[in-house]
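The values are calculated or read from the model by the stated rules, or taken from the named source; none is laboratory data. Model, not experiment: these values are computed from the prediction. Don't worry about glycine lacking a Cβ; one is built from the backbone with ideal geometry, like all the others, and counts go over all protein chains shown. Please note that ligands, DNA and RNA were not included when accessible areas were found on the heavy atoms of the full protein model with its side chains. Shrake-Rupley method; radii C 1.70, N 1.55, O 1.52, S 1.80 Å.
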Amino acid sequence: MTKDSSNAMWGGRFAAGPDAIMEAINASIGFDKRLAAQDIQGSRAHAAMLAATGIITDSDANAIREGLLTVLSEIEAGEFAFATALEDIHMNVEARLKELIGDPAGRLHTGRSRNDQVATDFKLWVRDQADAAIQGLEALIRALLAQAEAGADWVMPGFTHLQTAQPVTWGHHMMAYVEMFGRDMSRFRDARARMNESPLGAAALAGTSFPIDRHMTAQALGFDRPAANSLDAVSDRDFALEFLSAASICAMHLSRFSEELVIWSSAQFRFVTLSDRFSTGSSIMPQKKNPDAAELIRAKIGRIMGAMVALFTIMKGLPLAYSKDMQEDKEQVFDAADTLMLALAAMEGMVRDMAANVPALEAAAASGFSTATDLADWLVRALNMPFREAHHVTGALVALAEARGCDLPELTLEDMQGVHGQITADVFEVLGVRNSVASRVSYGGTAPDQVRAQIARWKEVLG
């Protein structure tokens, strides 16, 4: 394609084509060709509307429709020759359409601009990615539910500050991530609902004098309604920012879980065994089994959050309506969406495959004076002791056990009565880790029955 033929697309405004540097910086076809399917989808809806409103003839609309299907098939088959001189996916498609059907191709752009066209294409693409993220999150949640159901009774240490705090159940811990990823799913759904307004027909920025039917094209493209302000419609990228915001929070949750899997799979913890499918060996140390998938997921939030910051930076200083800066809105969103879907799939695989080391979990749950809070609560209930005094007495008993080199259940009744004379043998009923988790029956607590209730609730939510 020569520069002169490229200039024809501009209607003769410029006498000479851009030089190589300008062509390179101005072109976006290297990345926005990913919008080909959405571009053709939008153009087909626009052509059908133009015919329905009498702006173009039915025969021209049919020729455009058939020509666009041919272009799409060429792109999907890898037979389409993208030209940098034509700048973007819109011009590449239109130029090929003209080669295929001649003059009717020139009528396709009636009543629209590349400004509303790219906003529509990009919004359709981001909407598809939100749907994909929701599906990926649902698959991950189902994997977590399976783990929670299997281990609703397994005891393990709960941590604060990465120090042993209180015993919890494996199922309860898995369900914590179900709640996190459930919120992520709702964020993507909220963003999708908010973005579901069609920019098509807003034209360059002011709308058009042609009698177009924007409600028709909005409906054809699955939007709830057309965007209500043409200036906003072409300059809005909130939908991409919301997608990246939701993706960043989701990636943060994936990173937190990855960090736990890295810790749990270490020789020092031995809480879980990750499958060979999601681990690698060492080139020099034959005993190593590295949790590389978890480590890579943990790192990927940097790319996703970086994409969000990049797009915020692009948009923050732009006056209405469209500026060429907005050509830089896509690459980071493409990368973030790809990265998120890969991370979700890898995490789902790890969760489905991982095996909990139940004896190691229970042994760790009983260490670190994890039932100290149960002891303090018993002192309040059984002896009517103010909690602050109970806290003090329990601290003294922990210090005694630490000095003896034993855990709280291993102290004798005489030992305990030496700290507080009213303690009775009933105290030992609350000191075991299984007794501890069974007693946490408040809504959302770690008691197995509560865990199973939450599993049932989520199964009903997912259907």
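When you scan segment 309-324, do you find a residue that is modelled with pLDDT of 95 or more and crowded, with 20+ Cβ neighbours inside 10 Å, even just one?
Scanning segment 309-324 turns up at least one residue that is modelled with pLDDT of 95 or more and crowded, with 20+ Cβ neighbours inside 10 Å.
On the given criteria, is Ala130 of a type in the set (A, V, I, L, M), open to solvent by 30 Å² or more (accessible area, probe 1.4 Å) and in a helix (DSSP H, G or I)?
no
For segment 118-127, which positions are farther than 19 Å from Met341 by Cβ and open to solvent by 10 Å² or more (accessible area, probe 1.4 Å)?
Result: Val118, single match.
Kindly provide the set of residues from segment 226-252 that are more than 18 Å from Glu197 (Cβ to Cβ) and open to solvent by 10 Å² or more (accessible area, probe 1.4 Å), ordered by number.
Hits for segment 226-252 are Ser245, Ile249, Met252.
Has segment 398-407 got any residue that is out of contact with any Ser or Thr (no Cβ under 9 Å at 6 or more places or on another chain), touching a residue at least 24 places away in the same chain (Cβ under 8 Å) and more than 18 Å from Leu375 (Cα to Cα)? Please lay out each step first, then the result.
The initial filter retains those residues of segment 398-407 that are out of contact with any Ser or Thr (no Cβ under 9 Å at 6 or more places or on another chain), namely 398-406.
Pick out the ones that are also touching a residue at least 24 places away in the same chain (Cβ under 8 Å) and you get 398, 401-402.
Going one step further and asking which of them are more than 18 Å from Leu375 (Cα to Cα), we end up with none.
No: zero hits.
Considering only segment 325-338, state which residues are modelled with pLDDT under 95 and open to solvent by 60 Å² or more (accessible area, probe 1.4 Å).
Within segment 325-338, Asp325, Glu328, Glu331 meet the criteria.
Within segment 182-204, take every residue that is in a helix (DSSP H, G or I) and aliphatic (A, V, I, L, M) and give me the one that is most open to solvent (accessible area, probe 1.4 Å). Full working, then the answer.
Within segment 182-204, the first condition is being in a helix (DSSP H, G or I), and the residues that meet it are 182-195.
Going one step further and asking which of them are aliphatic (A, V, I, L, M), we end up with 185, 191, 193, 195.
Numbers: Met185: 4, Ala191: 4, Ala193: 62, Met195: 7 Å².
Per the stated criteria, the residue is Ala193.
On the given criteria, is Ser198 farther than 28 Å from Val433 by Cα, hydroxyl-bearing (Ser, Thr, Tyr) and under 16 Å from the mean Cα position of the chain (by Cα)?
Working: farther than 28 Å from Val433 by Cα: yes; hydroxyl-bearing (Ser, Thr, Tyr): yes; under 16 Å from the mean Cα position of the chain (by Cα): no.
Against the criterion (farther than 28 Å from Val433 by Cα, hydroxyl-bearing (Ser, Thr, Tyr) and under 16 Å from the mean Cα position of the chain (by Cα)), Ser198 does not qualify.
Looking only at residues in segment 410-439 that are closer than 16 Å to Trp154 by Cα and touching a residue at least 12 places away in the same chain (Cβ under 8 Å), which one is surrounded by the most Cβ atoms within 10 Å (Cβ to Cβ)? Steps first, please.
Narrowing segment 410-439 to residues closer than 16 Å to Trp154 by Cα: 432-439.
Now restrict to residues that are touching a residue at least 12 places away in the same chain (Cβ under 8 Å): 432-437, 439.
On the way: Gly432: 18, Val433: 26, Arg434: 15, Asn435: 15, Ser436: 24, Val437: 29, Ser439: 16.
Residue satisfying both the conditions and the ranking: Val437.
Within segment 256-277, can you find the residues that are surrounded by fewer than 20 Cβ atoms within 10 Å (Cβ to Cβ) and either part of a helix (DSSP H, G or I) or free of Cβ contacts under 8 Å to residues at least 24 places away in the same chain (or both)? It would help to see each step written out before you state the result.
Taking segment 256-277 first, the residues surrounded by fewer than 20 Cβ atoms within 10 Å (Cβ to Cβ) are 256, 259-260, 262-263, 266-270, 273, 275-277.
Arg256, Glu259, Glu260, Val262, Ile263, Ser266, Ala267, Gln268, Asp276, Arg277 - these are the residues of segment 256-277 that are surrounded by fewer than 20 Cβ atoms within 10 Å (Cβ to Cβ) and either part of a helix (DSSP H, G or I) or free of Cβ contacts under 8 Å to residues at least 24 places away in the same chain (or both).
If we keep just the residues of segment 205-221 that are within 19 Å of Asp238 (Cβ to Cβ) and in contact (Cβ under 8 Å) with a residue 60 or more places away in the chain, which is surrounded by the fewest Cβ atoms within 10 Å (Cβ to Cβ)? Break it down stepwise before answering.
Filtering segment 205-221 for residues within 19 Å of Asp238 (Cβ to Cβ) gives 205, 218, 221.
Filter again for in contact (Cβ under 8 Å) with a residue 60 or more places away in the chain, leaving 205, 221.
Numbers: Leu205: 17, Leu221: 20.
Step by step, filter segment 205-221, then rank; the result is Leu205.
Is it true that Pro167 is open to solvent by less than 30 Å² (accessible area, probe 1.4 Å), in a strand (DSSP E or B) and out of contact with any Leu (no Cβ under 6 Å at 6 or more places or on another chain)?
Numbers: open to solvent by less than 30 Å² (accessible area, probe 1.4 Å): yes; in a strand (DSSP E or B): yes; out of contact with any Leu (no Cβ under 6 Å at 6 or more places or on another chain): yes.
Judged against the criteria, Pro167 is a match.
Give the number of residues within segment 77-100 that are open to solvent by 60 Å² or more (accessible area, probe 1.4 Å), in contact (Cβ under 8 Å) with a residue 12 or more places away in the chain and either among the charged types (D, E, K, R) or not in a helix (DSSP H, G or I) (or both).
Final tally of qualifying residues: 2.
Of the residues in segment 66-91, how many are in contact with a Ser or Thr (Cβ under 9 Å, 6 or more places away or on another chain) and closer than 17 Å to Ala220 by Cα?
1
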